[in-house]
Amino acid sequence: GAGVSQSPRYKVAKRGQDVALRCDPISGHVSLFWYQQALGQGPEFLTYFQNEAQLDKSGLPSDRFFAERPEGSVSTLKIQRTQQEDSAVYLCASSLGGRERAKTQYFGPGTRLLVL
Amino acid sequence: GDSVTQMEGPVTLSEEAFLTINCTYTATGYPSLFWYVQYPGEGLQLLLKATKADDKGSNKGFEATYRKETTSFHLEKGSVQVSDSAVYFCALLYSGGGADGLTFGKGTHLIIQP
């Protein structure tokens, strides 16, 4: 089936605006991850869902960042009162979950956020 | 905490040259190790992985061996092509506390010249 999709692909926000980034995982994938990738850096883990439960949000940089996955499928990452340092590519990944030790994560194309 | 260090780029090679991109890690326990590749204008794709010591992952002519004694997972290819030009990321996954988030290196930009 289709891979992980993300929307919008590009977002320009004025400082102080709220933004919402959407992720559609691969159908049937239990696990969903959000990562932040600054320019010239590797992705950094933000948060992890197993179905609708947010099991780890240790990577969220501040309380302005909020993620949800209410029905265990589509997820939204919301950033309130955006700041210039929030400018980055936000990547979503999904995996089957289950007992496989090295569950392959499949990445979406990312949303490039620019805060002016 | 867990971390991954990979060689700085860009790495520029001629077509058919031998490639090595170094990757070392620090982690508690025994992580799984991955190489991801990002082609221009595309998303991250899994290239290969290894889940335990001495495992060798391989794909598309690339290979990497999980070396616990040197905490390394170097990426190699015997003869590179122009189409291999991309950014390569080494990553580890340590399933502790239910997090399961990948820890990535900073990436190595590979440029292959014809």
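Just to be sure I understand: if I project the alpha-carbon convex hull of segment B:35-109 onto a plane and average over all orientations, what area do I get in nm²?
On the way: hull surface 22.8 nm².
Computed as one quarter of the Cα hull surface, the answer is 5.7 nm².
Among A:Gln17, A:Leu77, A:Leu96, whose Cα lies farthest out toward the positive end of the dipole of chain A, if unit charges sit on the beta carbon of Lys, Arg (+1) and Asp, Glu (-1)?
The residue sitting most towards the positive pole is A:Gln17.
For chain A, how big is the tail of P(r) above 25 Å, as a whole percent of Cα pairs?
17 percent
Would you compute, for the Cα atoms of the protein assembly as shown, the largest minus smallest coordinate along each principal axis and list the three values in descending order, in whole Å?
Sorted largest first, the three principal extents are 48, 39, 36 Å.
I'd like the distance separating the alpha-carbon centroids of segment A:16-48 and segment B:47-114, in whole Å.
Result: 21 Å between the Cα centres.
Among B:Ser83, B:Gly61, B:Ser72, pick out the residue whose Cα is farthest towards the positive end of the charge dipole of segment B:42-91, where Lys and Arg carry +1 and Asp and Glu carry -1 on C-beta, about the Cα centre.
About the Cα centre, the residue reaching furthest to the positive side is B:Ser72.
What fraction of the DSSP beta bridges in the protein assembly as shown is antiparallel, stated in percent and rounded to the nearest 5?
Numbers: 68 of 76 bridges.
Antiparallel bridges: around 90 percent, rounded to the nearest 5.
Could you tell me which trypsin sites (Lys or Arg not before Pro) in segment B:41-99 are loop residues by DSSP with no more than 15 other beta carbons within 10 angstrom of their beta carbon? Could you put the intermediate results ahead of the total?
Values: sites: B:Lys49, B:Lys52, B:Lys56, B:Lys60, B:Arg67, B:Lys68, B:Lys77; in loops: B:Lys52, B:Lys60, B:Lys68.
Hits after loop and neighbour filter: B:Lys52, B:Lys60, B:Lys68.
Normalised by the number of residues in chain A, what is the relative contact order in percent for Cα pairs under 8 Å and 6+ residues apart?
Values: 295 pairs, mean separation 41.9, N = 116.
In percent, rounded to a whole number, it is 36.
To the nearest 20 Debye, how big is the dipole of segment B:1-73 about its Cα centre, given +1 on the beta carbon of each Lys and Arg and -1 on that of each Asp and Glu? If you can, show how the numbers build up before the last one.
Values: 6 positive and 9 negative charges, 54 e Å.
About 260 debye.
Under the definition of partner shielding as Cβ atoms of other protein chains within 10 Å of a residue Cβ, what is the mean value for peptide B:29-42? Show your work: numbers first, answer last.
Values: counts 0, 1, 1, 5, 1, 3, 0, 4, 0, 5, 0, 0, 1, 3.
Averaged over the peptide's residues, the number is 2.
Do any of A:Lys11/B:Lys60; A:Lys78/B:Lys60; A:Lys103/B:Lys56; A:Lys103/B:Lys68; A:Lys78/B:Lys106; B:Lys52/B:Lys106 go past 27 Å between their Cα atoms, and which?
Pairs exceeding 27 Å: A:Lys11/B:Lys60; A:Lys78/B:Lys60.
So which residue, out of A:Gly40, A:Gly16, A:Gly28, gets the largest mean-square fluctuation from a GNM of chain A using Cα contacts under 10 Å as springs?
In this elastic network of chain A, the residue with the biggest mean-square fluctuation among A:Gly40, A:Gly16, A:Gly28 is A:Gly40.
Using unit Cβ charges (K, R positive; D, E negative) and no other charged atoms, how large, in debye to the nearest 20, is the dipole of the protein assembly as shown about its Cα centre?
On the way: 22 positive and 23 negative charges, 86 e Å.
So the dipole magnitude of the protein assembly as shown works out to roughly 420 debye.
What GluC sites (Glu not before Pro) does segment B:1-93 have in DSSP loop regions with at most 15 other beta carbons within 10 Å?
Here the GluC sites (Glu not before Pro) that fit, given the DSSP loop and packing criteria, are B:Glu8, B:Glu15, B:Glu16, B:Glu42, B:Glu69.
Step by step: find N for segment B:24-67, compute 2.2 N^0.38 Å, then divide the Cα radius of gyration by it. What's the final number?
Working it through for segment B:24-67, the quotient is 1.26.
Read-outs throughout are calculated quantities, based only on the coordinates presented, and are distinct from any laboratory measurement. These figures come from a predicted structure and were not determined experimentally. We place every Cβ from the backbone using ideal geometry, glycine too, and count neighbours over all the protein chains shown.
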